[in-house]
Amino acid sequence: MRVVLGLLLLLLGLCGSGAQGEGGGLDERGAVEESSEQTTKQTTTDIWAEVRALRDMVVELKVELKVELRNMEARVKDSESQVNELKAELMVTKVQMELLQRENSVQATQLISLETRLTATESKTSDLEKQNADLQTRLSTSESELLVSKSRIDQLERENEVQATQLISLGTRLTATESKTSDLEKQNAALQTRLSTSESELLVTKSRIDQLERESEVQATQLISLGTRLTATESKTSDLEKQNADLQTRLSTSESELLVTKSRIDQLERESEDLQTRLSISESELLVSKSRIDQLERENAEKPKVVFYTALTNSGQVGPYNADITLKYSKVFTNIGNAYNPATGFFTAPATGVYYLQFTVFGHNTNAMGLQVYKNNQSIMHNGDLQQDGGSEYLTNSLVLKLIAGDKIHLVLPSGYSLFDNAGHHSTFSGALLFPM
């Protein structure tokens, strides 16, 4: 407003100065008058621009004042409607007080029904606990049987170490059995975990049931307090409404928790049935494992077992001779299957299969030491060593042969060769059946 007044005064001053110039008729109008006219025109143009801007501002202020007046009128009308609504709400409050008293009696009946449903839930929970205890007992029995199966499998592995190729076949089958056993152990561990989870959920259910009972007691106390406070004064009506709304919410929560409890109980029953099914499958798989183990034991009992280990003599130097002689290894330490004959020095294959044979020869103070391996009177290997200094030396070699039942293997000392053996068992001959065919 001050700016507007200043501009108006400036306009009036300019108009007055123009009037005085025209009426005075001063002689000093030359160049000064021309420059003042230019300055006046520029100033007048700027003033009119500012005046227009001020006019626009005044118009905008009028519009804003009108809008604010309309808003004030609307607020006054809203306040009047709110007063009317408050009066109506006071009338409704009195009606609601009577309705609340009737609802309190209905809530007491609902609380009694909740107690009955909680008692039924507790009985179902105890039954589930008994079923879970029985499942734990059966799981312990399954674990002990699995341990017995593992020990028997380990024993079979030790017995089959001598039979190389059979070990591959049996190892594959045993690996399958062990994988099934480990799967059973994992399943049992999962069952234990699920049983523990079920027990924890049952504990949570009990705690929630206890909490519901406590909340029911609190609700009964609050209902009595609400009845007293409702009859005491109308000023506490809003508080009573809030408390009753809270009670309704808690009752709805209690009912929803009971529904959740029922669904969990049903889920536990389904899980118990699933556990029983999986236990039955585990027991059947254990029976299959036992039958396979028994079959392996029978197969191992039926297969021939051939192992021998012998040493040459205790007499010391053997040879040299003018002709080839058959070596008779007279010191027999192992002769399972009686396939080696110390009287002849011949090993006779009792069954068709693949055999592993090994010999060690020792030469002492000799120029030539070694031997030949014969299969059915046919030489299949010659090993020897010539020494010029006549010292001592060991020589060891081995063979893997496929022999037909009845084939004979013996070792021959060539003419001019010599060996040495005594109580130290320096020269030996051994063999074993790897697997039958």
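Within the range 241-291, restricting attention to residues that are aliphatic (A, V, I, L, M) and within 25 Å of D134 (Cα to Cα), which residue is nearest to the chain's Cα centre (by Cα)?
Per the criteria, the residue is L275.
One line per residue, one yes/no per condition, for (1) surrounded by 10 or more Cβ atoms within 10 Å (Cβ to Cβ); (2) over 22 Å from T249 (Cβ atoms); (3) under 52 Å from the mean Cα position of the chain (by Cα):
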{"position": "D78", "(1), (2), (3)": "yes, yes, no"}
{"position": "Q82", "(1), (2), (3)": "yes, yes, no"}
{"position": "L90", "(1), (2), (3)": "yes, yes, no"}
{"position": "T93", "(1), (2), (3)": "yes, no, no"}
{"position": "M97", "(1), (2), (3)": "yes, no, no"}
{"position": "Q101", "(1), (2), (3)": "yes, no, no"}
{"position": "T109", "(1), (2), (3)": "no, no, yes"}
{"position": "E115", "(1), (2), (3)": "yes, no, yes"}
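Of A351, A368, all but one fail to be more than 16 Å from S398 (Cβ to Cβ) and touching a residue at least 60 places away in the same chain (Cβ under 8 Å); the exception is A351.
Number of residues in the range 256-282 that are within 25 Å of L203 (Cβ to Cβ), surrounded by 11 or more Cβ atoms within 10 Å (Cβ to Cβ) and without any contact (Cβ under 8 Å) to a residue 12 or more places away in the chain: the value is 5.
The condition of being surrounded by fewer than 17 Cβ atoms within 10 Å (Cβ to Cβ) and either in contact (Cβ under 8 Å) with a residue 40 or more places away in the chain or over 30 Å from T360 (Cα atoms) (or both) holds for only one of E297, E285, that being E297. The condition of being touching a helix residue (DSSP H, G or I) at 6+ places or on another chain (Cβ under 7 Å) and either surrounded by 15 or more Cβ atoms within 10 Å (Cβ to Cβ) or closer than 20 Å to T360 by Cβ (or both) holds for only one of F420, F435, that being F435.
With respect to the conditions (1) assigned to a helix (DSSP H, G or I); (2) touching a Gly at 6+ places or on another chain (Cβ under 7 Å), V288 falls short on a single one, namely (2). Of all residues in the range 410-437, those satisfying the criterion of being part of a strand (DSSP E or B) and under 60 Å from the mean Cα position of the chain (by Cα) are T428, F429, S430, G431, A432, L433, L434, F435, P436. The residues of the range 301-355 that are open to solvent by less than 50 Å² (accessible area, probe 1.4 Å), assigned to a loop (DSSP other than H, G, I, E, B) and of a type in the set (S, T, Y), listed by number, are T313, Y329, T352. Scanning the range 365-404 for residues that are at pLDDT below 75 and assigned to a strand (DSSP E or B), we see that the one that is surrounded by the fewest Cβ atoms within 10 Å (Cβ to Cβ) is L386.
The values are calculated or read from the model by the stated rules, or taken from the named source; none is laboratory data. This structure is a prediction, so every number in the text was calculated from the model and none was measured. Please note: Cβ atoms are built from the backbone with ideal geometry, for glycine as well, and neighbour counts cover all protein chains shown. For accessibility, only protein heavy atoms count, side chains too; no ligands or nucleic acids. Shrake-Rupley method; radii C 1.70, N 1.55, O 1.52, S 1.80 Å.
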